[in-house]
1. Could you run through region 225-245 and say how many residues are in a helix (DSSP H, G or I) and touching a residue at least 12 places away in the same chain (Cβ under 8 Å)?
2. In region 20-39, which residue that is free of Cβ contacts under 8 Å to residues at least 12 places away in the same chain and either more than 21 Å from ASN354 (Cβ to Cβ) or in contact with a Lys or Arg (Cβ under 6 Å, 6 or more places away or on another chain) (or both) is surrounded by the fewest Cβ atoms within 10 Å (Cβ to Cβ)?
3. Could you figure out which of (1) in a strand (DSSP E or B); (2) over 16 Å from the mean Cα position of the chain (by Cα) isn't true of VAL24?
4. When the residues of region 333-376 are narrowed to those that are among the acidic types (Asp, Glu) and either in contact with an Asp or Glu (Cβ under 6 Å, 6 or more places away or on another chain) or within 21 Å of HIS312 (Cβ to Cβ) (or both), which ends up surrounded by the most Cβ atoms within 10 Å (Cβ to Cβ)?
5. So THR199 ticks every box in (1) among the β-branched types (Val, Ile, Thr); (2) buried (at least 16 other Cβ atoms within 10 Å of the Cβ); (3) more than 21 Å from the chain's Cα centre (by Cα) but one. Which box is left unticked?
6. Select from region 80-118 the residues that are of a type in the set (Phe, Trp, Tyr) and more than 22 Å from the chain's Cα centre (by Cα) and list them in ascending order.
7. I want to confirm something. Restricting to region 54-78 and keeping residues that are open to solvent by less than 10 Å² (accessible area, probe 1.4 Å) and of a type outside the set (A, V, I, L, M), which single residue is modelled with the lowest pLDDT?
8. Taking the stated definitions as given, is GLN204 touching a Lys or Arg at 6+ places or on another chain (Cβ under 8 Å), among the polar types (S, T, N, Q) and either surrounded by 15 or more Cβ atoms within 10 Å (Cβ to Cβ) or part of a strand (DSSP E or B) (or both)?
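The values are calculated or read from the model by the stated rules, or taken from the named source; none is laboratory data. As the structure is a prediction and not an experimental result, all values here were calculated from the model. Backbone-built Cβ (ideal geometry, glycine too); neighbour counts: all protein chains shown. Calculation scope for accessible area: heavy atoms of the full protein, side chains included, ligands and nucleic acids excluded. Shrake-Rupley method; radii C 1.70, N 1.55, O 1.52, S 1.80 Å.
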Amino acid sequence: MTTLVLDNGAYNAKIGYSHENVSVIPNCQFRSKTARLKTFTANQIDEIKDPSGLFYILPFQKGYLVNWDVQRQVWDYLFGKEMYQVDFLDTNIIITEPYFNFTSIQESMNEILFEEYQFQAVLRVNAGALSAHRYFRDNPSELCCIIVDSGYSFTHIVPYCRSKKKKEAIIRINVGGKLLTNHLKEIISYRQLHVMDETHVINQVKEDVCYVSQDFYRDMDIAKLKGEENTVMVDYVLPDFSTIKKGFCKPREEMVLSGKYKSGEQILRLANERFAVPEILFNPSDIGIQEMGIPEAIVYSIQNLPEEMQPHFFKNIVLTGGNSLFPGFRDRVYSEVRCLTPTDYDVSVVLPENPITYAWEGGKLISENDDFEDMVVTREDYEENGHSVCEEKFDI
């Protein structure tokens, strides 16, 4: 039996056989401005000649899987002959779903995996549980960890103790990568250039230039300075998709600080946007979202747990998800949690080498476990007992 591990995120699907490597593939479909009628699926995005004004069709809305037609097409493509050539009669699947997923979505997912695709066995699990499994495998002496998963739709903070999640202390913050990209689109459109249709390009800008400030007001003051002294300001060359395929930052020495550029490149000049956008993860109230930021939520979550367990969680804070790749993210989480925590507790914040595929690697490890067979629901089980057997078996 082979096992396929699929960390089915709202933006990227992390997929691969448990004995191979992982691929990170956009979990959506695209339409381009030029070829209006043709729909591109998943990593066919690379075939689009002109990705300006790219139109996204997403299976997930607000973090939950609601658009099954799109998800089916993406899965058909991933499981099909172009990608993984899955032989369903000889394959188990480990697939992730969000916390507090709706029963109707779970039932649809069971139905599609067992009845349409006919996988032999399925394990439905939260991505955080896979990350925790991976962390406990790497740190066998630890019993507790708190997983901070900051993804596309929202950020979850989930304490795990001996690989069981502590339901009463799970926190969701409704800030994720999608909101940050949208906010960056709005402020650039308001200040410089109308980019409301350019989700793809601006998402790339966000990944290339944004960082988390360690001292917001100091960086704000630097961003106001003129000329050479303004070390925050960068000029970003936008792609035109004929000569420049991908946007990039102008090297510091080539920047023209006063006046126009001679070349015909389109330039975005970014200063405080670089750190004001990721700042929303730490202060959602900046844009009117009445919620805690990540460090405060970590501390609040841990304080909901029994007192004798708290020190164990503070010294095992694990950051996963795409937003943890912002430069300075780990340091800022550490320094703020440290400030909010009693001095006699140790605080340690771990950023894995690849926070995006961390959960997938946990799934790979689970599939090699001896008790893997006891965790899954087989097709016979499902055909006999239906959805109820999945509800009993999966700790969702």
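1. The total comes to 2.
2. By that ranking, first place goes to LEU37.
3. (2)
4. GLU336
5. So the condition that THR199 fails would be (3).
6. TYR84, PHE88, PHE114, TYR117
7. Step by step, filter region 54-78, then rank; the result is GLY63.
8. Spelling it out, GLN204 is indeed touching a Lys or Arg at 6+ places or on another chain (Cβ under 8 Å), among the polar types (S, T, N, Q) and either surrounded by 15 or more Cβ atoms within 10 Å (Cβ to Cβ) or part of a strand (DSSP E or B) (or both).
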